[in-house]
Structure formats: structure tokens, C-alpha cells
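Undergrad: Okay, here's the structure, questions in a sec.
The values are calculated or read from the model by the stated rules, or taken from the named source; none is laboratory data. Just so we're clear, the structure is a prediction, and the values are computed from it rather than from any experiment. Every residue, glycine as well, gets a Cβ built from its backbone with ideal geometry; the counts of neighbours run over all protein chains shown. Remember, those area values only see protein heavy atoms, side chains included, never the ligands or the DNA or RNA. Shrake-Rupley method; radii C 1.70, N 1.55, O 1.52, S 1.80 Å.
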Amino acid sequence: MSTEPAQSAEASTSQVDSSPTTSADLPTTPWSVVWSGGHSYVLEGSAGARWAGVDDRGRARFLTDAELRRRGWSRTPV
């Protein structure tokens, strides 16, 4: 009989890395959403795709994969 507390499977798998990512693993599925600088960006299209979002004033902003990597991004709001 163990004296260590039981740990649920949910608790051990619910840890998500929400730190900004700078590697080349951006999503490639159209309509994927990532976050950068407090704003969400949606991947439009597949060939020649670009990330669409808005700036602090609500104006449209479009970023390339390279720009998004340089700015830092995450899959969840930070």
C-alpha cells in the first residue's frame, strides 16, 4: 500500500506550455489561430498563406510566417 497521494491522469496532462514560441512549428491548417502581442491572428489560405489580425486600433494587419516568428507567438492568449 503506497502512502503517496494519487494523481489523476487529467492533472498530469493538463499542463500546457503557453510561453511564446519562436520555432518553425507554426500551424499550417487554414483558419488556425495563434496569438502574438496580445492579438489573435488567423491563417488565411494555404498557398502563399498569410496571418490576418487587427492592431490596437482595429485596423487590419497581415503578417507572414517570418514576421510572426520574429515577433513571437503562442497557441493560447498569454
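Undergrad: If you scan the range 42-78, which residues turn out to be open to solvent by 40 Å² or more (accessible area, probe 1.4 Å), part of a loop (DSSP other than H, G, I, E, B) and within 18 Å of ASP25 (Cβ to Cβ)?
TA: Passing the criteria: SER46, THR64, ARG75, THR76, VAL78.
Undergrad: Further, regarding this structure: Within the range 20-41, how many residues turn out to be open to solvent by 50 Å² or more (accessible area, probe 1.4 Å) and over 9 Å from the mean Cα position of the chain (by Cα)?
TA: 10
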